[in-house]
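Rule-based calculations on the coordinates, nothing more; no lab input. Note that the coordinates shown come from a computational prediction; the quantities given were computed from them, not determined experimentally. Positions of Cβ are generated from backbone atoms using ideal geometry, with glycine treated the same way; all protein chains shown enter the neighbour counts.
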Amino acid sequence: MLELILFYTFGTIAVVSAILVITRHNVVHSAAFLGATLFAVAGIFLTLQAEFLAGVQVIVYVGGILVLFVFVIMLIAVERSVHERQYNRQRTIALITSAILIVEIAYGLYRGRDSLILPSIVTPPAAAAAVGNSEQVGTALYTSYLLPFEIASILLLVAIVGAVVLAKKRTPAEE
Amino acid sequence: MDFAIDYILIPFIKIFIVFNVVAGVVALLTLAERKVAAWIQVRLGPMRVGPYGILQPLADGLKLMLKEDIVPAGADKWIFTLAPVISLVPAFIVFAVIPFGPADGFTILGHKISYFITDLNIGVLYVLSISSVGIIGIILGGWASNSKYPLLGALRSAAQMVSYEVALGFSIIGVLILAGSLSLVKIVEAQKAAGFWYVFLQPVGFILFFACGIAETNRAPFDLPEAESELVAGFHTEYSGFRFSLYFLAEYASMIVVSCMAVTLFWGGWLRPFPSVHSVVLDFLDAIPLAPLFWFAAKVVVFIYAYLWFRWTWPRYRYDQLMKVGWQWLLPLAMANVIVTAVLVLLLKG
């Protein structure tokens, strides 16, 4: 019962703030609501007994990505962007694309309808409680999912190298 | 009934005590800062309010409460109000996982009471992630003031935090490898089992952690976000009265957090010196009531003094020097420390 209440509380906060992120005129207000959404998602992770994921969610998304967002926002003129038109009035295209998206999601839900019925009482696996969440995530990442994990790290490395190359000042000899 | 007492009443009382002790220590710290500054500069410091100036924090607090609360005309009112709170709350809720003493504390009326509010199995991660949120308050506050100096302070703050947080995280990993747990209580217990504090195994890790910790809390010599000699008062230039005091509280509370973390991770937490040596005198020390709290507090005070001492002895880094130190020295050194520790642990244990 308590978990259900918590889930709906966090879920409501996440959805409402997410809507506010895209409807606010002021980008800094959007960023603040984005922070609220990310925190609410971390809360949902907590109700699922995934405290490691919740911690990582906050440190990576709020402490890292949101800070960088705000950092970039401060460098642009917010006053001007407030008065600019927020939507570019392309109703027809928007309607078509969102209709396609809705059909896709509905099809996905229909295909996976069997998994929507949850067992009445969700108990965390006994092993997770005994070993601890972080150990389990670590074991899963470095055994069953080693290859995807390494591919992700190479992808990030490529992104870092790319950013350095783009930001580097060129010496006269290179040009 | 027992459930209500164990899971609601006792934690509530503990939270109440911890909150008030931290707030009280912050008040004393403002006095300590001025006194230490005075001693280092061969002055007396505040002497007029109460004997030896001891009531100065009270007078300061009263003054801040009564001052006019100004919101600049061009400021973004919502964000301006919200920002100090975003800064303050994380600094205080981190104390929920700091272990001031062992789990088997003492018993009152049949209820076992431990020396901490809670023990999370992701303790270290919780502290890192929550304290990384406080910076958003600083950035938003600087932006919402709609004024040049706060904006510059906020920009510096963002760049500084992002650079030093990475090295801070890496500097802790050495300890995590040795202890094999993210829980702060288990880390101290591992130090007890090992027989010595981790600072002797991780001296590099400790120096990196404390240096990055000072940068994270915006204290000299890394206090570029406020840099009073160039930016007036940095991100909080436009703040006055109570709102300003919230920023002030947050800064001092995070100083205490970093000191507590340094003590817990590297200096044996609540353990007395020579935790594995048993002799009549040393065992007698353990028998004193509240001994763990005494050792913990004594160690924390040393680090807080170091904080004040650094502020009044070292000049501030220039902005490019700050970035250079962070990315070219602290981060590679922290990574090397992780690799060396991991290899040594594998060789010696396997």
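Assorted remarks:
- Remark: spin-label model distance A:I65-B:M65 equals 4.3 nm, labels positioned 7 Å along the Cα→Cβ axis.
- Cross-link partners of B:K14 among lysines (Cα-Cα below 24 Å; sequence separation of 8 or more within a chain): B:K112, B:K186, B:K299
- Rounded to whole numbers, the Karplus 3J(HN,Hα) couplings from phi for the stretch A:156-168 are 5, 4, 4, 4, 5, 4, x, 5, 5, 4, 5, 7, 5 Hz, using 6.51 cos²θ - 1.76 cosθ + 1.60 with θ = phi - 60°, and x at Gly and Pro.
- Value of relative contact order over the stretch A:1-86, rounded to a whole percent, pairs C-alpha under 8 Å and six or more apart: 30 percent
- About the Cα centre, charge dipole magnitude for the protein assembly as shown (Lys/Arg +1, Asp/Glu -1 at Cβ), debye: 880 debye
- Cα-based Kirkwood hydrodynamic radius, the stretch A:1-86, one decimal, Å: 13.8 Å
- Rounded FRET efficiency, nearest 0.05, which uses the C-beta distance separating B:T313 from B:A73 and R0 of 51 Å: 0.80
- Around B:A91: net Lys/Arg minus Asp/Glu count, Cβ-Cβ under 13 Å: -2
- Computed over the Cα atoms of the stretch B:1-94, pair by distinct pair, the Kirkwood hydrodynamic radius stands at 16.8 angstrom.
- Cut-off 15 Å between beta-carbons: net charge of the residues surrounding A:V67, Lys and Arg +1, Asp and Glu -1: -1
- Here the gap between B:Q328 and B:F200, fully extended at 0.36 nm per residue and compared with their Cα-Cα distance, gives a gain of 43.6 nm.
- For the pair B:A37 and B:F274, a Förster radius of 30 Å applied to the C-beta separation gives a FRET efficiency near 0.30, rounded to the nearest 0.05.
- Relative contact order (%) - chain B, alpha-carbon pairs under 8 angstrom, separation at least six: 22 percent
- Efficiency of FRET between B:F12 and A:T12 - r from beta-carbon atoms, R0 35 angstrom, step 0.05: 0.85
- Model label points for B:L346 and A:I76, set 7 angstrom from Cα along the Cα-to-Cβ axis, are 4.5 nm apart.
- Against chain B, whose longest principal axis comes from its Cα atoms, helix B:148-179 is set at around 10 degrees.
- Student exercise, the stretch B:172-299 dipole from Lys, Arg, Asp, Glu Cβ charges, in Debye to nearest 20: 500 debye
- Estimated purely from DSSP H runs of n ≥ 4, each contributing -39500 (n - 2.57), the mean residue ellipticity at 222 nm for chain B is -21000 deg cm²/dmol once divided by its residues.
- Sum of side-chain charges, B:Y52 neighbourhood, beta-carbon under 15 Å (Lys, Arg +1; Asp, Glu -1): +4
- Cα gyration tensor category, rounded, prolate or oblate, for the protein assembly as shown with a/c compared to 1.5: rounded
- For the stretch B:1-80, the relative contact order comes to 16 percent (Cα pairs under 8 Å, sequence separation of at least 6).
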